[in-house]
Amino acid sequence: MRYAMVIDTLKCVGCSDCVVACQTENNVPIGYCRDWITESVSGTYPTLELELKSERCNHCSSAPCVRCCPTGASHIVEGGIVKVTANECIGCGACIESCPYDARYQHPEGHVDKCTFCHHRLEKGQLPACVSVCPTKCMYFGDLDDPTSEVSQLLKSRKHKVLAPEAGTKPNVYYLIK
Amino acid sequence: MVNSRRSFIKISALGASGIALTPLAFSSINESTLSENLLAEGTKNLKRTATYCEVCFWKCAAWAYTDEEGNVKKLVGNENDPHCNGRLCPRGTGGVGMYNDKDRLKTPLIRKTIDGKETFVEASWDEALDLVASKFKGIKKKYGAESLGLLKHGCPGAHFNHLFRSFGSETDAEPAYAQCRGPRETGFALTFGSWVGSPEPTDIRDTKCLVLIGSHIGENMHNSQIQEMSDAIDNGATIITVDPRLSTAASKSDYWLPIKPSTDIALLLAWMHVLIYEDIYDKDYVERYGLGFDELKEHVKDFTPEWAYGITTIKPDQIRKTARAMGAASPAVIIHPGRHVVWYGDDTQRARAMAILNGLLGSWGRRGGFYFKEKIKIPDFPHPPYPEPKWGWKELAAKYPLADMGITTELIRASIPNKDNKYQIKAWMVAGTNLIQSIPDTKLLLEAIDALEFLVVIDTMPMDITGYADVILPECTYLERCDILRSATNREPSIALRVAATTPKYNTKPGSWIAREIGLRLGLDEYYNYENLKEVIEWQLEQLGSSLEEMKKIGVKKFPRKSGSMYITEGEHHEFGTQSGKVEFYSAELEELGFDPMPVYKSHDHPEQGFYRLNYGRSPMHTFSRTINNPNLNDLMDENKLWVNPKVARIEGLKNEQEVWLENQDGVISEFPIKVRVTERIRWDSVYMYHGFGQHNKKLSRAYGKGACDTQLITKISTDPIMGGSAMRGNFVKFITNNPHKDIEV
Ligand code: SF4
């Protein structure tokens with residue numbers, strides 16, 4: 001099983017609902033976030049392109065953060081989810097440095113924190129909070145090892161990209177594009 | 001019986017999902033049956049309570065999750081609610097911040113003069129309510145109850161409306177009409193005989209072509225509208241957006257028409273011209289249901305795309321192409337009526353033009369166009385008839401023949417003593433609306449407030465308006481109170497319940513309680529023939545064939561339609577609600593009143609050299625000024641920025657993130673600076689900012705002084721002569737780079 005998130009940039013309006021839903025679901029302290037929105041504009045008025053998208057930990061198949069963790073607090077669980085065990089984390093920050101997506105932050109309690117794909121919800125058969133709240137329904141979640149899954153089908157039929165492919169991290173968050 | 005069946009379904013859903021962690025399982029799981037026993041990470045035993053959101057007027061039904069101590073932890077949309085389909089918008093999800101905000105109003109406050117200085121003094125509820133009641137009685141005795149004005153918004157408005165009507169005043173108004181959507185209601189009513197209403201009955205999910213005129217869905221988070229726009233994108237609908245700014249919606253459109261501001265009517269007329277003269281309008285619909293088509297055809301004869309090009313700067317081939325796209329999609333096309341439509345003073349006529357276009361395309365009452373909405377009438381709890389006031393909002397609005405609701409600005413004018421004022425207002429109650437941000441022309445507003453004998457404000461937060469009050473009554477948030485049933489117009493009628501998810505924090509009280517307590521002190525016992533709102537709701541639900549017990553479990557109840565089909569069936573005889581019973585392309589009613597029977601383009605002012613048109617709008621994370629201090633939402637956006645085109649930035653020597661002050665055409669200077677955001681997304685003749693920022697109450701620790709307030713800079717208002725709307729888009733600003741307030745700052 002390989003969990004992946006597929007986000008349709010043609011539908012995302014950048015409203016940040018995913019960010020608040022994650023905060024309230026995961027008790028992320030105010031002032032911090034596990035996911036966020038980016039906006040990029042190209043062209044000159046009035047020939048313009050605007051891309052909005054929701055970003056987070058890419059749960060990389062080749063995760064530099066896991067490799068560089070001195071205590072093993074950063075680890076990979078079933079389905080390829082990259083997790084941090086808070087009480088094993090010494091807060092050295094090596095993983096924060098190593099992540100090309102800037103997906104990790106130091107929690108005020110000292111440990112490093114980041115997106116878990118809402119592992120606790122998956123265990124109950126629920127979608128990650130961000131996916132289930134999105135008013136544009138632009139986020140999809142599922143198993144890429146299953147060729148019949150919605151995410152597999154979307155990647156088969158639609159043009160897509162990943163972020164920072166040059167980093168060689170094999171990210172598992174995909175963006176559908178025009 | 002029903003109970004055990006429900007829990008049985010719940011358990012089986014949990015079991016099944018536990019085994020199969022496949023995407024298929026995800027999509028087949030019904031969140032609402034599952035979530036009852038859910039535990040958020042690190043939080044045990046969450047209990048869920050039915051509510052509906054009060055962060056904006058969409059009023060999405062939701063479940064509030066509270067922990068064992070009664071803290072509200074999260075809010076999740078109700079799956080069965082047509083307003084949200086289980087998905088709240090960011091503001092709704094962040095509604096917990098409204099409850100958690102430490103800056104909330106905490107106890108009643110009374111303005112007192114101590115040692116020659118005016119200050120707010122904490123008071124008990126009895127003290128504050130006694131004072132309000134004695135002031136109200138005094139005003140009634142001296143001037144009549146009519147001289148008490150009510151300015152309101154949202155749910156609290158309903159409770160105080162009943163209080164005012166019972167006491168003999170119908171002197172009320174809300175900014176949601178004259179400062180927002182009034183003109184479109186009048187424009188569509190004149191054409192189709194029906195208000196657009198809220199939520200808009202736009203059949204976006206099934207449309208083939210969605211046309212947005214300055215409407216920025218996706219930045220305004222009118223929840224089900226966004227959801228359906230997303231469906232429309234999935235379905236390959238053509239989206240056409242007319243906006244001088246590359247709005248989010250514009251960026252998702254097949255056609256973005258970057259129009260010169262204030263020229264929309266010219267474009268709309270040219271579209272009519274193409275549809276009619278290229279013969280691509282819905283002939284059958286127009287013949288069967290239309291009135292005045294020949295006059296319209298003659299009227300738009302010369303309004304060619306070439307004519308419109310010179311006015312709008314939109315190229316003729318773009319105008320033709322987009323008109324043809326609409327024609328091809330007809331009748332599954334929507335010229336969206338928009339929502340905040342008070343722009344240039346001829347707004348009812350622009351709304352008329354949009355309605356007429358919909359008429360030509362045959363989209364009103366058609367699948368993929370506009371559906372016929374339906375609503376359940378919630379029975380009134382029995383009470384004696386209201387006393388008949390001698391005058392009220394209707395008399396105040398009399399100079400606008402088609403005003404259908406109170407006009408705030410007229411209520412404000414009648415509050416400024418003037419011997420020519422036939423009707424005089426002496427005291428206000430302001431409930432749930434921050435007038436300082438919702439009413440333009442601050443000077444006039446403050447003049448009126450100054451002249452009042454008494455001002456009582458009811459709010460949950462120390463909004464700017466509270467600073468002017470004589471008495472402040474702190475309402476608890478929507479999560480801490482039971483409220484009126486929400487009855488919504490939609491494809492299917494539905495009702496939604498709001499009961500308290502937790503007990504009120506601090507010394508705050510529900511609006512319904514406050515209104516009743518004042519009512520009892522005014523001797524209106526017979527209008528409050530119940531102990532509390534719960535009793536009223538229980539009675540109402542019983543009348544509707546439901547019960548409080550049932551509603552607590554489901555939150556939302558849908559009812560079958562009674563008014564027939566959502567759409568006109570092929571060839572059906574259909575009576576529209578207009579005077580003629582037809583779709584009125586030509587309005588005899590407007591003509592009789594001395595207005596243009598068909599929309600005409602009239603030129604509006606454009607900024608002089610060195611000035612830029614001040615445009616403003618919504619950010620998806622905030623609802624006007626009321627959410628800016630919400631800790632969760634403030635975390636997403638804590639200030640607004642001034643959008644400036646790179647060319648303008650070069651000419652004016654402005655850099656990204658530089659702080660500037662703005663001065664408008666009347667010499668009014670923004671109180672606070674705003675940071676420049678240099679972006680190609682805005683035209684060179686305009687600047688743009690999000691509305692709601694730049695608040696000046698220091699008690700709002702996060703919102704105070706953050707960004708600039710557009711309302712403060714809107715001092716030139718054109719009033720719509722048809723219905724009294726306050727048009728705000730004719731204000732121009734220039735940049736000031738050195739702090740103009742330096743000398744007076746302490
Ligand atoms: S649209 Fe958003 S803020 Fe408005 S009622 Fe719905 S969830 Fe609340």
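The values are calculated or read from the model by the stated rules, or taken from the named source; none is laboratory data. Predicted model, so just to flag it, every value in this text is computed and none were measured. Cβ sites come from the backbone with ideal geometry, for glycine too, and all protein chains shown count toward neighbours. These area figures cover heavy atoms from the full protein model, side chains too; ligands, DNA and RNA do not enter into them. Shrake-Rupley method; radii C 1.70, N 1.55, O 1.52, S 1.80 Å.
Assorted remarks:
- The solvent-accessible area of B:M637, taken with every protein chain present and a 1.4 Å probe, is close to 40 Å².
- Every helix of 4 or more DSSP H residues in chain B counts as -39500 (n - 2.57), and over all residues that averages to -9000 deg cm²/dmol at 222 nm.
- Sorting B:78-87, B:638-647, B:454-463 by their mean Cβ neighbour count within 10 Å, with the most densely packed peptide first, gives B:454-463, B:78-87, B:638-647.
- Ranking B:H162, B:H383, B:H622 by solvent-accessible area of protein heavy atoms (1.4 Å probe, all protein chains present), from largest to smallest, gives B:H383, B:H162, B:H622.
- Chain A: calculated mean residue ellipticity at 222 nm from DSSP helix runs of at least 4, using -39500 (n - 2.57): -5000 deg cm²/dmol
- Size of electric dipole in the stretch B:315-434: Cβ of Lys, Arg +1 and of Asp, Glu -1, about Cα centre, debye, nearest 20: 420
- Extreme residue, positive dipole direction of the protein assembly as shown, given options A:Y105, B:S587, B:I239 (C-beta unit charges): A:Y105
- Extending 7 Å from the Cα toward the beta-carbon at both B:T113 and B:E492 defines two label points whose distance is 6.2 nm.
- Which of B:I449, B:L479, B:I518, positive extreme of dipole for the stretch B:433-533 (C-beta unit charges): B:L479
- Compared with the dominant principal axis of the Cα atoms in chain A, helix A:17-26 is inclined by about 20°.
- Spherically averaged projected area of the convex hull of Cα atoms, the stretch B:209-320: 7.9 nm².
- Ranked by the mean number of other Cβ atoms within 10 Å of their residues, highest first, the peptides B:98-111, B:553-566 fall in the order B:98-111, B:553-566.
- Label-to-label distance for A:H160 and B:E542 is 5.6 nm, based on points extended 7 Å past Cα in the beta-carbon direction.
- Backbone N under 20 Å from the A:S62 label point (7 Å along Cα→Cβ), restricted to the stretch A:90-127: A:95-103
- Peptides B:88-96, A:77-85 ranked from most to least packed, by the mean per-residue count of other Cβ atoms within 10 Å: B:88-96, A:77-85.
- Cα-based reach from B:K698 at 22 Å (exclusive), listing lysines while leaving out same-chain residues under 8 positions away: B:K102, B:K106, B:K112, B:K117, B:K443, B:K505, B:K641, B:K675, B:K706, B:K742
- Placing +1 on the Cβ of every Lys and Arg and -1 on the Cβ of every Asp and Glu, with no other charges, gives the stretch B:536-681 a dipole of roughly 720 debye about its Cα centre.
- Fully extending the segment from B:E671 to B:K315, taken as 0.36 nm per residue of separation minus the present Cα-Cα distance, adds 124.1 nm.
- Proximal aspartates and glutamates to A:K170, defined as alpha-carbon separation beneath 16 angstrom and excluding residues fewer than eight positions away on the same chain: A:E55, A:D102, A:D143, A:D145
- For A:K124, the lysines whose Cα falls under 21 Å of its own Cα, not counting residues fewer than eight places away in the same chain, are A:K83, A:K114, A:K137, B:K10, B:K44, B:K47, B:K73, B:K74.
- Peptide B:242-251 shows a mean partner chain C-beta count of 3 within 10 Å per residue C-beta.
- Other protein chain Cβ atoms within 10 Å, averaged over every residue that makes up A:44-54: 5
- Approximating the spin labels as points 7 Å out from Cα along Cα→Cβ, the B:R650-to-A:K170 distance works out to 4.8 nm.
- Separation of alpha-carbon centers, the stretch A:76-124 and the stretch B:678-734, rounded to whole Å: 42
- Exercise: per-residue mean of other protein chain Cβ atoms within 10 Å, B:91-101: 4
- Each Lys and Arg contributes +1 and each Asp and Glu -1, all at the Cβ; summed about the Cα centre of the stretch A:3-176, the dipole is approximately 240 debye.
- Lys/Arg +1, Asp/Glu -1 at C-beta; the protein assembly as shown dipole; positive extreme among B:G116, B:A727, A:G125: A:G125
- Heavy-atom SASA rank of B:I240, B:I114 (probe 1.4 Å, accessible area, largest first): B:I114, B:I240
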